[in-house]
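Read-outs throughout are calculated quantities, based only on the coordinates presented, and are distinct from any laboratory measurement. These numbers come from a predicted model, not from an experiment. Positions of Cβ are generated from backbone atoms using ideal geometry, with glycine treated the same way; all protein chains shown enter the neighbour counts.
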Amino acid sequence: MQTQICEINGQSLKMAKHILESEGAVAFPTETVYGLGGDARSDAAVAKIYEIKGRPSDNPLIVHVHKDYDITQLIYDEQTYAAALRKAFLPGPLTLVYNSKGRVSSKVSCGLNTLAIRVPSHVGAQRFLRYVDMPIAAPSANISKHISPVSAQHVYEDLQGRIELILDGGRCSGGIESTVCDVTGEYPVVLRAGLISVEMIASVVGRCEIYIPRGGEQVRSPGMKYKHYAPHCKTRLFDASELPLAVSEFERLSAEGGKIYVLCSEDIKNKFPADRVLNLGKTEHEMAANLYELLHEGEKCAETIIAILPKKKDGVMAGVINRLSKACADK
Ligand code: AMP
Ligand code: MG
């Protein structure tokens, strides 16, 4: 199968709709990462998405809709606070998990009675979702466990030959996946940190907690138990407090002749040779936006990436730390 990368225009949208109506999958841009979308109502289309990615079959998908889509078609019992969150943050990088009406393929939620819904703000994503006019189930458009794609080229590198069409909407501005927030209970519970922080959610509805799985309990967001976002090269992970250790590890590995790169924030980059630094930047939003781009760049040139976690751990940085820790867990 030939894989085409096309700008979003009348012709490519027509092609996308045709592929989706034939129960195929299309890659499309969002403000977080690129998605691999299929018709959420079709068992065959959803099964194909899992197959293309090699995704574990118990890791549910998020359904994407345009901003005027009536989500009450798909979900029950929206709580007042959930409507307030929608009003405050959507369209945008926040996924809400509701009680499902079961109107989409049961494979989307892997048999759970909930459904994750997202309304992306990316102009190209909105145009695509409105044009195809169907709920689109979409995980990130990469091979399962590899780094998420933030450009059409990244999607191509992972999925060439496996899909027909990549809609190119440029580099994703947000850079990490959406915040996933369960809104089925009395108050919101964040299952996966992201660009809409726990603090931002709490500021709108008063209370928000972070889900921490208890021993013996079935994990509420199945995706959390899997290894994720990893580059193909070796990685070493250090906390900000272990900087001297990271420096000596960099020196030791470099002395052995390895091509060692360091992924770190702007404030500590001077501890390493400039041509070996993958600079995440200064602010939490910069670091989120740069993270996957730099991991993609790093895996192409490094034998080992030494990643150093930023000092700040709250706000949007909670999402950055979560992804960076999973990507670079020592291996
Ligand atoms: P990805 O498609 O790779 O961005 O991952 C989607 C994330 O949303 C995973 O962490 C899933 O576990 C989570 N998710 C999707 N649907 C649900 C659901 N119904 N309940 C809880 N988590 C969900
Ligand atoms: Mg993913």
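Details
- The calculated FRET efficiency for D133 paired with E266, based on their beta-carbon distance and R0 = 45 Å, is about 0.55.
- Placing pseudo-labels 7 Å out from each Cα toward the beta carbon at S203 and L243 gives an inter-label distance of 2.8 nm.
- Whichever lysines have a C-alpha closer than 21 Å to that of K145, once near sequence neighbours (fewer than 8 apart) are set aside: K48, K53, K107, K225, K227, K234, K300, K326, K331
- Spatial separation of Cα centroids for the stretch 1-79 and the stretch 144-173, in angstrom: 14
- The value of relative contact order for the stretch 30-150, using C-alpha pairs under 8 Å at least six residues apart, is 44 percent.
- Local electrostatic count at G175 - Lys and Arg +1, Asp and Glu -1, tallied over other residues with Cβ under 14 Å: -4
- Separation between Cα centres of the stretch 247-279 and the stretch 106-143, rounded to whole Å: 39
- Given charges at beta-carbon only (K, R positive; D, E negative), |dipole| of the chain in Debye: 240
- Close amide H contacts of V262 (hydrogens built in the peptide plane, cut-off under 5 Å, sequence separation of 5 or more or a different chain): V277, L278, I306.
- Extension gain, K313 to R276, is 10.9 nm, computed as 0.36 nm per intervening residue step minus the present C-alpha separation.
- Extension reserve of the S22-A329 stretch, reckoned as 0.36 nm per residue once the Cα distance is removed: 106.6 nm
- Pairs of Cα atoms nearer than 8 Å and 6+ residues apart set the relative contact order; for the chain it is 20 percent.
- Taking a point 7 Å from the Cα of Y187 along the Cα-to-Cβ direction, none of the residues of the stretch 296-316 has its backbone N closer than 16 Å to it.
- The simple spin-label model puts a point 7 Å past each Cα toward its Cβ; for Q4 and T283 those points are separated by 3.9 nm.
- Structure remark: mean-square fluctuation, Gaussian network model of the chain, C-alpha springs under 10 Å; the largest value among A240, A255, A44 belongs to A255.
- Top of A307, A40, A84 by mean-square fluctuation, Gaussian network on the chain, Cα under 10 Å: A84
- Measure of compaction for the chain (Cα Rg per 2.2 N^0.38 Å): 0.99
- A Cβ-based charge dipole, computed about the Cα centre of the stretch 104-182 with Lys and Arg at +1 and Asp and Glu at -1, lands at about 80 debye.
- Normalised by the number of residues in the stretch 228-331, the mean separation of alpha-carbon contacts (under 8 Å, six or more apart) gives a relative contact order of 45 percent.
- Estimated inter-spin distance, S254 and E51, nm [label 7 Å along Cα→Cβ]: 4.9
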